[in-house]
Amino acid sequence: MNPTTKALAFGPIGTALALGSAASASAQGPIFQTPGMPIWAASGQVDRFSNQGNPAIGALIDGFADYVDPGESGDDGLDLFLRSFEMTVNGRVDPNWYGYAVVVYADEEVELEEAAVTYAGFDSNTTVRFGRFFTDFGKQMQAHIHDLPTPERPGVLSAYLGEELPGVGAQLDHWWATGDESALRASFAVFGEFELEGEGEGPIIEQTERKDLEDLSLSARVTQFMDAGERGVFQWGASARRVGDFQFVDEGSGTSAAGLSNTVFGVDLTYGVDSVDGLSGWTFGAETLLAAGDLGAAFDPGSGDLLVNDDSALGHYLWAERRMDVTNTVGVMLSSFERFESENPLTTEVTAYYTRYFSEFARLRFAVSHADNEGDEDSTRALVQLTTFFGPHAHGVNW
Amino acid sequence: MRAIPFLAVLAVSLFGPFGAAAPELAGDKLKVVATLPDLADLITAIGGEHVEVKTLARPGQNLHAVRVKPSHLVAVSRADLFVQVGLSLEHAWVPGLLETGRNRAVLPGQPGFVSAGEDYETIEVPVRQDRAISADVHPQGNPHINLSLGGGLHMAKRIRDGLIRVDPDHAADYRTGFERWNGDYLKARARWDAIAKAAVEKHADACLYHQEFDYLLGEMGIAIAAFLEPRPGLAPTPSHLGKVIQTIREKGIPVVLTAPWSNNKNVARVAKTTGCRILELPVMVGGRPEHGTWIAMMDDCVDRLAKAYGIDPEAAVRRFGGKPAGKEVEPQRAGGGR
């Protein structure tokens, strides 16, 4: 006898108890389908899920304490702040689809950073991803900032592409075996728009909502990685990201420059080698970026026009890390890049860090960085970063 | 015109790869990928000439630190059969590898996927899945069954069944290969059991770094008194090591057991302070020349463990008999773990 049948046999009190019981088990929808309501048989599964059917839910806290000396350009001093609290969900849609979403609280705002599904049901090494996801550019841009080996993203990537570069679009991805010990992957993505950061006091960036086909934003990457001996892996890659149609807007004067575009090209090399037990090793990485097109703009009070800097700029970073054992890691990163300003002044940054892993889910990082800004004040920063992971942690990162 | 350089990169990314031909593995052998050398040894012994085995983890490599390599990806994409220990032993890297490999034939639930440790009578199954208990959470229990005396037989049976499933034409050969291996195993097992009987009489205690050898110690009748890890997956702290040292002294433990990857300064410090020896046991086949097969590795483990506790293995075999039983020896439940 099921609960409802039992309730009918034992009167109104029994009915209430039985329906209460049935309702708690049927959390996904009403028992009866009334006219005008969704037809479950056509729109989804109505079976009850146990908790095992739910997506994996994870969270992290990334906190900082730092001291900054920005020279004459600002106040120095100490600060403690929560850079981000992140929640992720990952799960299968069905045997052919999987999806994930990342919601982040940072700078007193809650933002959906990623929400994407991937179709992997082809009889080949092809997948298609759709939704809002980080652009497949170089070694680092798919990774969320707290997952990086360094406390901050290399300056050249932040300046040319953004601290993080989510976009809404679709991506085709495929890999090929190129021998027994190497594989090559290529991706191509079309975006309605990227989330572009307009930093500093200059004009803001606005993207048109509806575009012609040739004005869509694009990204492409080709990368190959290969065994380098018994314990090493070498990888090279080439990437491009094009912003198809945007405008600079100077909010103070109300002037704007529309119909702009720019493209960033990148080449990356990475080599890692492990000890016999895999717990220690070295990693070396380098990336060069070339930005070309409409890179920046400045309002000219004399003419009353917004002068667009249609130019190119070059930047690089180098990174070396030594994993000493399972709990201790040290590294250094050097980044040098031409800024998107008139005359392309150079910024050079160096960061040295030490990371202590308490377990696979908690780490404490100490770092010192110095930026030498041509034509501007130099700045120095010392920081402590604590990052802790709750539950599973995963993002949709390709190799 | 600005789009032209971008399109050039795109063209390379989309059409360049077609020029790179992927050579196929030679012959028509069954392509089997094994996560551990232990599994590869069993597959080779049972599959014989019909299989070509690719092993992923290096001997002695910490399974939490396996860097997935391109050769792994290619091997998985071409595999007819994928064999893992399972029980979450390789969960840090196998799920992602299988997903990226995109070979449907070897995905979990398919005939080409073998979780060799599945259904083993595991020990130390957590009461609840909670990282408050340990940083390493293995929901199905201690996954190190490749270091259990009964683990080899269990895995061998499942490998035999997996080979027959994907290659039924050679089923008879696989059964023969298994029986041949099982004959060797029964001889070795009889010897190990004799030595274990001698060990049980010692009523000895053990101290070890991590939980790799809990099955073996239980099967040898040696109780576990202390771990150097305060909790699985956490590095030792000074205060915890102080307690470990006290326990070793109180119980008269003669050795600190460690795996190759955890034979570190903390082990050395405990050994130096207490005066006990360090006994580094293998965790995988192939770590040393004499550990070429799973049976040889376990033989060495049992012998060295026995000697560390003052037992003469040959004398134990003479006393308790070392003749093989006439039938398969079923896995024996270990009882020494925490």
For the protein assembly as shown, with +1 on Lys and Arg beta carbons and -1 on Asp and Glu, the positive-most of B:Pro238, A:Gly229, A:Gly58 along the dipole: B:Pro238
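Counting only helical runs of four or more DSSP H residues, what would the 222 nm mean residue ellipticity of the protein assembly as shown come to if each run contributes -39,500 (n - 2.57) and the total is spread over all its residues?
On the way: 15 runs with 172 residues, N = 737.
Taken over the protein assembly as shown, the calculation gives -7000 deg cm²/dmol.
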If the only charges are +1 at each Lys and Arg Cβ and -1 at each Asp and Glu Cβ, what is the size of the charge dipole of chain A around the Cα centre, to the nearest 20 debye? 2720
A convex hull over the alpha carbons of the protein assembly as shown yields, per residue, a volume in Å³ of 227
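Mind putting a number on the dipole of the protein assembly as shown about its Cα centre? Charges go on the C-beta only, +1 for Lys and Arg and -1 for Asp and Glu, and I need it in Debye to the nearest 20.
Rounded to the nearest 20 debye, it is 5080 debye.
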Under the rule of at least 5 residues apart or a separate chain, name every residue whose amide H is placed under 5 Å from the amide H of B:Gly150. B:Gln332
Output the peptides B:206-212, A:55-61, B:176-182 sorted from most to least packed, where packing is the average of other Cβ atoms within 10 Å over each peptide's residues. B:206-212, B:176-182, A:55-61
For peptide A:118-130, compute the average count of partner chain beta-carbon atoms within 10 Å of each residue's beta-carbon. 2
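Just need the relative contact order of chain B here, percent rounded to a whole number, with Cα pairs under 8 Å and 6+ apart.
19
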Once each part is reduced to its C-alpha centroid, what is the distance from the range B:162-220 to the range A:308-326 in angstrom? 52
Most fluctuating of B:Asp299, B:Asp119, B:Asp167 in the GNM of chain B (C-alpha, under 10 Å) is B:Asp119
In order through the range B:84-92: 3J(HN,Hα) via Karplus (6.51 cos²θ - 1.76 cosθ + 1.60), integer Hz, x for Gly, Pro: 10, 5, x, 6, 6, 5, 10, 6, 6
Taking θ = phi - 60°, what integer Hz values does the Karplus form 6.51 cos²θ - 1.76 cosθ + 1.60 yield along the range B:219-230, in sequence order, with x for Gly and Pro? 5, 8, x, 9, 7, 8, 9, 7, 10, 6, 6, x
Work through the residues other than A:Ser187 whose Cβ is under 13 Å from its Cβ and net out their charges, Lys, Arg +1 and Asp, Glu -1. +2
Please list the three semi-axes, largest first and in whole Å, of the ellipsoid equivalent to the range B:204-312, using sqrt of 5 times the eigenvalues of its alpha carbon gyration tensor. 23, 15, 12
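Indicate the gyration tensor shape class of chain B (rounded, prolate or oblate), computed on the Cα atoms with a ≥ b ≥ c the square roots of the eigenvalues: a/c under 1.5 is rounded; otherwise a/b larger than b/c is prolate and the rest oblate.
oblate
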Separation between the A:Leu213 and A:Val110 pseudo-spin-labels, each 7 Å from Cα along Cα→Cβ, expressed in nm? 4.1
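By how many nm would the segment from B:Ile278 to B:Lys265 lengthen if fully extended, with 0.36 nm per residue of separation less the alpha-carbon distance? All intermediate terms of the calculation are to be shown ahead of the outcome.
Details: separation 13, 0.36 × 13 = 4.68 nm, distance 1.14 nm.
Contour length minus Cα-Cα distance gives 3.5 nm.
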Straight-line reach from B:Lys69: which aspartates and glutamates have Cα under 12 Å away, leaving out those fewer than 8 places along the same chain? A:Asp180, A:Glu181, A:Asp227, A:Glu230, A:Asp274
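Based on the Kirkwood radius over alpha-carbon pairs, what is the Stokes-Einstein translational diffusion coefficient of the range A:58-390 at 20 °C with 1.002 mPa s viscosity, in µm²/s? Please report the intermediate quantities before stating the final value.
Working: Rh = 21.6 Å.
Roughly 99 µm²/s, to the nearest whole number.
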Along the positive direction of the dipole of the protein assembly as shown (beta-carbon charges: Lys, Arg +1; Asp, Glu -1; about the Cα centre), which of A:Ser359, A:Gly391, B:Val106 reaches farthest? B:Val106
Compute the helix-to-body angle for A:11-25: its Cα long axis versus the longest principal axis of chain A, expressed 0 to 90° and rounded to tens. 30
Calculate, axis by axis, the spread of Cα positions in the range B:56-191 along the three principal axes, and write the results as whole Å, longest axis first. 48, 40, 27
Net dipole in debye of the range B:27-179 [+1 Lys, Arg Cβ; -1 Asp, Glu Cβ; about Cα centre; nearest 20]: 500
Can you give me the Cα centroid spacing of the range B:34-61 and the range B:268-297 in angstrom? 21
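Which GluC sites (Glu not before Pro) in the range A:221-309 pass both tests, a DSSP loop state and at most 13 other beta-carbon atoms within 10 Å?
Values: sites: A:Glu230, A:Glu251, A:Glu287; in loops: A:Glu230, A:Glu251.
Passing both the DSSP loop test and the Cβ count: A:Glu230, A:Glu251.
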Qualifying lysines (Cα of each under 19 Å from Cα of B:Lys265; at least 8 residues distant if same chain): B:Lys243
What is the diffusion coefficient of the range A:338-399 in µm²/s, taking the Kirkwood radius over Cα pairs and the Stokes-Einstein relation at 10 °C with a viscosity of 1.306 mPa s? 108
Farthest toward the dipole's positive end in the range B:149-194, which of B:Ile164, B:Leu149, B:Ala194, given Cβ charges of +1 (Lys, Arg) and -1 (Asp, Glu) about the Cα centre? B:Ala194
Phi to ³J(HN,Hα) by Karplus 6.51 cos²θ - 1.76 cosθ + 1.60 over the range B:167-180, Hz, x for Gly, Pro: 9, x, 4, 10, 4, 4, 5, 5, 5, 5, x, 5, 4, 4
Excluding A:Leu289 itself, calculate the net charge of residues whose Cβ lies under 11 Å from the Cβ of A:Leu289, where each Lys or Arg counts +1 and each Asp or Glu counts -1. -2
Excluding residues fewer than 8 places away in the same chain, name every one of the aspartates and glutamates whose C-alpha is closer than 19 Å to that of B:Lys187. B:Asp38, B:Asp41, B:Glu179, B:Glu219, B:Glu290, B:Asp299, B:Asp300, B:Asp303, B:Asp312, B:Glu314, B:Glu328, B:Glu330
Whose amide H sits under 5 Å from the amide H of A:Ser217, counting only residues 5 or more places off or on another chain, with H placed in the peptide plane? A:Phe191, A:Gly244
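Since every read-out is calculated from the coordinates, none of them should be taken as a lab result. Owing to the predicted nature of the structure, the values given are computational and were not obtained by experimental measurement. Neighbour counts are summed over all protein chains in view; Cβ atoms, including those assigned to glycine, are modelled from backbone coordinates with ideal geometry.
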